[in-house]
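Colleague: If you scroll down you'll find the structure; I have some questions about it.
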Amino acid sequence: MAGTFEKIKQAYKLFKSIDFEKLDKLSRKVDLQKVMDGFSKLDDSQLKGLMKMMDGGQKKKELPEINGDFYELHLRLSEEDRAVQLKVREFMEKEIKPLVNNYWLHDDFPHEIIPKFAELNLCGVTYKGYGCPGKSFLMEGIIAMEMARIDSSIATFFGVQSGLAMGSIYMCGSEEQKQEWLPKMQQMQVIGAFGLTEPEVGSGAAGGLTVTAKRTAGGWVLNGQKKWIGNAPFADVTIIWARDTDDGQVKGFLVRKGTPGFNVEKIKGKMALRIVQNGLITLTDCVVEKKDRLQNANSFKDTARVLQMTRAGVAWMAVGCARGAYENALDYTRKRKQFGKPIASFQLIQNHLVEMLSNLTAMQSLVFRLSELQDQGLLRDEHASLAKVFCSLRTRDIVSKAREVMGGNGILLEYDVARFVADAEAIYSYEGTKEINSLIVGRAITGFSAFV
Ligand SMILES: Cc1cc2nc3c(=O)[nH]c(=O)nc-3n(C[C@H](O)[C@H](O)[C@H](O)COP(=O)(O)OP(=O)(O)OC[C@H]3O[C@@H](n4cnc5c(N)ncnc54)[C@H](O)[C@@H]3O)c2cc1C
């Protein structure tokens, strides 16, 4: 009885799986009765062989998933943090990826994304209070990587807002200043910028700043120029680091958009991070009220505290840039055919891909540990500098190999690798060049300072 039921069940299943439309089309091409008669004469093994042949012909070769996280580091995240990572990934893939090539080409910023960006509720990732998420530095790093995996400009915009600008206020502002600015910046209702570099002073900012701040009865008067300041052309508030003419110390000032004597000119003609809007700021007798001096920024040491915190994030950004290029290039090599085969099946192409993945995996393991140190309060300048040097150097290598395995299409924006190649150049230089970060590590390991 049970056997009969089984047969009925199988027959029912078979009947349900019949595509009658296809059957009808087939019957117009061949004599179905003849085909069925032919089949009935086949023995079991012949029938199995025939089914196998038909299956083999239909089945596409299953390729492994493209995954730049080869050592599955995401397994070390809590469920909650993994959910944030996937939320950022989805946002970047759905909302940002379709826009970036066009904005990059036109050297423009997609302002329309800001409300959706704000909904992610990510700004001020690690800060406690003021509406900020209060998450770990590891989470902050993962977010930077996920953003840069799709676009390094958007990751930089976020890094300036959430890290450099909000971080300066969080670490160096009075309670009143934090209350005034951080909740609005967290919601992205206020966009911030961070002005340290000058036209004639880049690497030597620690001792060389020339922008002056002169104390007056009601506040301060700022004079001089700042160059390369990200978000500055449209920022609502810019942190200006300037030297106090009285005591020679570097101090921080919150300069509001539209302040007389504060002029921003957009820097044009960049070949990297073209979506980031960088400004050349000219301060001409720019008056800042007493209350807008960052109350707890009293020397360059305070500026350096902010930079140490954000430098780790830049190393993660380099990882994201490398990961995006690697994953896109791998995808391309599996689809692109030459000599009748996918180029991914060639030994020399696989060699490039494996070299890229080795470096990428080493970088990810390194920044993961870097953030753990930061979360444990053990991060030193040289830790962050080593990660910045290693990751930005290896990223340059990975993006150039990604471009190489794509042949001519590697230099076309639409193939989603060319942008990474160009952007890696800016990541390589900002927040401390390779030389400056190497000098920081060199001093720490030898005990001798080679700074000039
Ligand atoms: C896209 C982009 C965005 C940026 N955003 C911001 C921002 O938002 N805010 C901000 O304040 N700044 C920003 N910067 C500035 C950035 O931090 C500087 O470009 C960087 O610090 C290097 O300074 P520099 O360009 O003046 O180069 P320089 O300091 O002139 O260096 C030129 C070369 O000399 C080398 N060098 C310098 N000193 C030494 C030494 N002692 N020993 C050995 N070699 C040395 C450097 O390593 C480099 O290779 C941005 C830059 C870029 C490109």
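Bear in mind these aren't lab numbers, they're just calculated from the coordinates by the rules spelled out. These figures come from a predicted structure and were not determined experimentally. Reconstructed Cβ throughout: ideal geometry from the backbone, glycine too, with neighbour counts over all protein chains shown.
Colleague: Would you list which aspartates and glutamates come within 17 Å of Lys97, measuring only between C-alpha atoms, while excluding same-chain residues fewer than 8 positions from it?
Modeller: Asp107, Asp108, Glu112, Glu146, Asp151, Glu327, Asp331, Glu414, Asp416, Asp423
Colleague: OK, next. Report, in deg cm²/dmol and to the nearest 500, the calculated mean residue ellipticity at 222 nm for the chain, where each DSSP H run with n ≥ 4 adds -39500 (n - 2.57) and the sum is divided by the residue count.
Modeller: On the way: 17 runs with 236 residues, N = 452.
Mean residue ellipticity at 222 nm (helix-derived): -17000 deg cm²/dmol.
Colleague: Could you sort the peptides 154-160, 222-228, 97-103, 70-76 by per-residue average Cβ neighbour count (10 Å cutoff), highest mean leading? Walk me through the intermediate numbers first.
Modeller: Working: 154-160: 26.4, 222-228: 21.1, 97-103: 15.6, 70-76: 11.9.
Result, highest mean Cβ count within 10 Å first: 154-160, 222-228, 97-103, 70-76.
Colleague: Moving on. Just order 129-135, 258-264 by mean Cβ neighbour count inside 10 Å, highest at the front, would you?
Modeller: Numbers: 129-135: 17.3, 258-264: 14.9.
The densest-packed peptide leads the list: 129-135, 258-264.
Colleague: Using only the Cα atoms of the range 74-186, build the gyration tensor, take square roots of its eigenvalues as a ≥ b ≥ c, and label the shape rounded, prolate or oblate: rounded if a/c is under 1.5, else prolate if a/b is larger than b/c, else oblate.
Modeller: On the way: a/c = 2.15, a/b = 1.26, b/c = 1.71.
Here the range 74-186 falls in the oblate category.
Colleague: Among Val405, Leu439, Ala384, which residue has its Cα furthest toward the positive end of the charge dipole of the range 301-446, with +1 on Lys/Arg Cβ and -1 on Asp/Glu Cβ?
Modeller: Of Val405, Leu439, Ala384, it is Val405.
Colleague: Using alpha carbons only, how many degrees (0 to 90, rounded to 10) separate the axis of helix 20-29 from the longest principal axis of the chain?
Modeller: It is inclined by approximately 60 degrees.
Colleague: Right, something else. What order, most packed first, do the peptides 314-326, 433-445, 104-116 have when packing is the mean number of other Cβ atoms within 10 Å of each residue?
Modeller: Values: 314-326: 29.8, 433-445: 17.0, 104-116: 14.1.
For the peptides 314-326, 433-445, 104-116, the packing ranking is 314-326, 433-445, 104-116.
Colleague: Moving on. Computed on alpha carbon atoms, what radius of gyration and Dmax characterise the chain, expressed in Å?
Modeller: 28.8, 107
Colleague: Shape call for the range 233-330 from the C-alpha gyration tensor, a ≥ b ≥ c root eigenvalues: rounded (a/c under 1.5), prolate (a/b greater than b/c) or oblate?
Modeller: Values: a/c = 3.15, a/b = 1.64, b/c = 1.92.
Here the range 233-330 falls in the oblate category.
Colleague: Step through the table entries Lys270/Lys337; Lys266/Lys388; Lys61/Lys116; Lys128/Lys270; Lys135/Lys268; Lys184/Lys214, compare each Cα-Cα distance with 32 Å, and write down the pairs that go over it.
Modeller: Working: Lys270/Lys337 34 Å; Lys266/Lys388 27 Å; Lys61/Lys116 39 Å; Lys128/Lys270 36 Å; Lys135/Lys268 36 Å; Lys184/Lys214 29 Å.
As for pairs spanning more than 32 Å Cα to Cα, those are Lys270/Lys337; Lys61/Lys116; Lys128/Lys270; Lys135/Lys268.
Colleague: State to the nearest 20 debye the size of the charge dipole of the chain about its Cα centre, where the only charges are +1 on K and R beta carbons and -1 on D and E beta carbons.
Modeller: On the way: 61 positive and 55 negative charges, 215 e Å.
Using Cβ point charges on Lys, Arg, Asp and Glu, the chain gives about 1040 debye.
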